[in-house]
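Worksheet: one structure, shown below.
The values are calculated or read from the model by the stated rules, or taken from the named source; none is laboratory data. Just so it is clear, the structure is predicted and the values come from calculations on it, not from any experiment. Ideal geometry is used to build each Cβ from the backbone, glycine not excepted, and the neighbour counts take in all protein chains shown. Surface accessibility is based on the protein's heavy atoms, side chains included, excluding ligands, DNA and RNA. Shrake-Rupley method; radii C 1.70, N 1.55, O 1.52, S 1.80 Å.
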Amino acid sequence: MRRSLFEQDHEDFRGLVHSFLEKEFAPNAAAWTAAGLIPKNAYRRAGEQGLLGTAVPVEHGGGGVDDIRFPYVLMEEAAKLGAPLGGIPVHLFVTTPYYLSLCTPEQAARWLPGIASGALMTSIAMSEPGTGSDLAGIQTTAVRDGDHYILNGAKTFITGGINADLVIVVARTSADPENRRHGLTLLVVEDAMPGFTRGRKLEKLGFRATDTAELFFDEVRVPVANRLGEEGRAFEYLTSNLGVERLQIAVAAVTQARAAIDTTIEYVRNREVFGGKLSRFQNTKFVLAECETEFEAAQVLLDRGIEELLAGRLDAADAAKIKLFCTEVQGRVVDRCVQLHGGYGYMLEYDITRLYADARVTRIYGGSSEIMKLIIAKSLAL
Ligand SMILES: Cc1cc2nc3c(=O)[nH]c(=O)nc-3n(C[C@H](O)[C@H](O)[C@H](O)COP(=O)(O)OP(=O)(O)OC[C@H]3O[C@@H](n4cnc5c(N)ncnc54)[C@H](O)[C@@H]3O)c2cc1C
């Protein structure tokens, strides 16, 4: 169906992004996958092309257009090309909005130019070894000491954690037995701060070119000047930003479902079985027809969600519905597409195998499918 989400500016951006990723990212996919991360200079190159700072105000070196459709286009083109993006989706969809909405003028001048240029790659550290879904259970502490906070704790599964120059850390600054959501604060930890160390680069099933890491904070002195927003209000900030994070995951799900269908159509057109093309079987046609229909439904829902976000109307339950639906569709689509590849669908050299491995996490991170259902159910006032 014809899409109405994008305008001419986005299509112009699409052309630029496609040729950049085709030339500088896609050819390195195998090497970056083997290394388990994207080198920092690749982020700088993306920054030089204006891909990282579209939302950053012009006076801080960005494009000055806070429009999530630009990063959406970037992810669509990357999925078409099979180009790994590493920490870029988190940088664009998840962390940049915190900096844009919460930075003081001094912080904006300090950080935004680097965020736009790729000199400062960013991560967000919410999850801990003992708590992921239950964010109010965060144990990392920050105790005020004059002009600093003393930060202690450990985080895990942090996307971009090895390469990050700035990490937004969610820490507990006070405890309120009446309300566990009170007393969490956002602190920006910088690369070289004493006491901040990075643990293992975690070995993952999928997204193997993205660095995912454990982070440790041992008596890290974080200046109060590095606090984002007000003390104790992090849960509120997280709640208002998690909707965009969930849309980002839905974008990944839908764009990768598309890539799975496309590569499978090509495969079944060429694969010979029982003296003819695999595409001639009614089962092949029916399976791909189902995949295409589910993909289309997911894309329409996602595009509408993006429109709602742009209009300032997307609420937490809407974002949860979109993430739940799009990621569950992706899971079904990639599984059927693997089946149509037969044994080749199990070989790492095939795109569908990578897409299958990458797909599994979208139903887990950024709030699992079960947590999405809790949020949706809450809106039903059962
Ligand atoms: C590749 C990857 C990248 C990630 N990147 C980041 C990042 O950049 N920053 C960050 O902070 N975190 C990140 N995460 C963490 C991610 O968001 C968490 O893994 C996720 O929120 C789930 O938390 P958990 O792993 O602790 O699982 P748990 O919370 O232990 O959940 C285990 C199971 O219990 C279910 N469950 C939990 N609570 C309920 C409930 N109330 N009702 C019903 N079922 C429930 C869950 O749905 C799940 O099936 C990443 C994770 C991965 C795998």
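Go over the candidates L205, L242, L238, L247 one by one and state the one that is open to solvent by 30 Å² or more (accessible area, probe 1.4 Å) and within 17 Å of the chain's Cα centre (by Cα). Talk me through it step by step, then tell me what you get.
Details: L242 fails: open to solvent by 30 Å² or more (accessible area, probe 1.4 Å); L238 fails: open to solvent by 30 Å² or more (accessible area, probe 1.4 Å); L247 fails: open to solvent by 30 Å² or more (accessible area, probe 1.4 Å).
After applying the criteria, what remains is L205.
Which count do you get for residues in the stretch 268-311 that are among the acidic types (D, E), in contact (Cβ under 8 Å) with a residue 40 or more places away in the chain and open to solvent by 20 Å² or more (accessible area, probe 1.4 Å)? Working first, answer last.
If we filter the stretch 268-311 for residues that are among the acidic types (D, E), which is where we start, we get 272, 290, 292, 294, 296, 303, 307-308.
With the extra rule that they be in contact (Cβ under 8 Å) with a residue 40 or more places away in the chain, the set shrinks to 290, 296, 303, 307.
Now restrict to residues that are open to solvent by 20 Å² or more (accessible area, probe 1.4 Å): 290, 296, 307.
Within the stretch 268-311, residues that are among the acidic types (D, E), in contact (Cβ under 8 Å) with a residue 40 or more places away in the chain and open to solvent by 20 Å² or more (accessible area, probe 1.4 Å) number 3.
Which is away from the ligand (no atom under 14 Å from the Cβ) and open to solvent by less than 10 Å² (accessible area, probe 1.4 Å), of I265, I261? So that I can check it myself, show each step before the final result.
On the way: I265 fails: open to solvent by less than 10 Å² (accessible area, probe 1.4 Å).
Step by step, each of I265, I261 is checked, and only I261 is away from the ligand (no atom under 14 Å from the Cβ) and open to solvent by less than 10 Å² (accessible area, probe 1.4 Å).
Within the stretch 135-151, can one find any residue that is touching a residue at least 60 places away in the same chain (Cβ under 8 Å), closer than 17 Å to N241 by Cβ and within 12 Å of the ligand (Cβ to nearest atom)? Break it down into steps so the answer makes sense when it comes.
So the first thing to find is which residues in the stretch 135-151 are touching a residue at least 60 places away in the same chain (Cβ under 8 Å), and the list is 135-136, 140, 142, 144-145, 147-151.
Applying the additional criterion that residues be closer than 17 Å to N241 by Cβ yields 135-136.
Of the ones still in play, those that are also within 12 Å of the ligand (Cβ to nearest atom) are 135-136.
Scanning the stretch 135-151 turns up at least one residue that is touching a residue at least 60 places away in the same chain (Cβ under 8 Å), closer than 17 Å to N241 by Cβ and within 12 Å of the ligand (Cβ to nearest atom).
So L21 ticks every box in (1) surrounded by fewer than 23 Cβ atoms within 10 Å (Cβ to Cβ); (2) in a helix (DSSP H, G or I) but one. Which box is left unticked?
All conditions are met except number (1).
When the stretch 154-190 is examined, which residues are found to be open to solvent by less than 30 Å² (accessible area, probe 1.4 Å), within 9 Å of the ligand (Cβ to nearest atom) and not aliphatic (A, V, I, L, M)?
Scanning the stretch 154-190 gives K155, T156, G160, G161.
Which residues, counting only those in the stretch 343-381, are open to solvent by less than 60 Å² (accessible area, probe 1.4 Å), free of Cβ contacts under 8 Å to residues at least 40 places away in the same chain and more than 16 Å from the ligand (Cβ to nearest atom)?
Passing the criteria: G343, G345, T353.
Say we look at the stretch 123-134 and pick out the residues that are open to solvent by 70 Å² or more (accessible area, probe 1.4 Å) and touching a residue at least 24 places away in the same chain (Cβ under 8 Å); which of these is farthest from the ligand (Cβ to nearest atom)?
Ranking the candidates gives P129 first.
One residue is enough: does the stretch 36-48 have a residue meeting the conditions out of contact with any Asp or Glu (no Cβ under 6 Å at 6 or more places or on another chain), open to solvent by less than 70 Å² (accessible area, probe 1.4 Å) and free of Cβ contacts under 8 Å to residues at least 40 places away in the same chain?
Yes; the residues of the stretch 36-48 include at least one that is out of contact with any Asp or Glu (no Cβ under 6 Å at 6 or more places or on another chain), open to solvent by less than 70 Å² (accessible area, probe 1.4 Å) and free of Cβ contacts under 8 Å to residues at least 40 places away in the same chain.
Condition first: open to solvent by less than 10 Å² (accessible area, probe 1.4 Å) and either within 16 Å of the ligand (Cβ to nearest atom) or within 23 Å of T173 (Cα to Cα) (or both). Now tell me which residues in the stretch 89-114 satisfy that.
The answer is H91, F93, V94, T95, T96, Y98, Y99, Q107.
Does any residue in the stretch 51-69 that is under 21 Å from F25 (Cβ atoms) come within less than 6 Å, Cβ to Cβ, of a residue that is at pLDDT below 95 and among the β-branched types (V, I, T) six or more places away or on a different chain, and which pairs are these?
none
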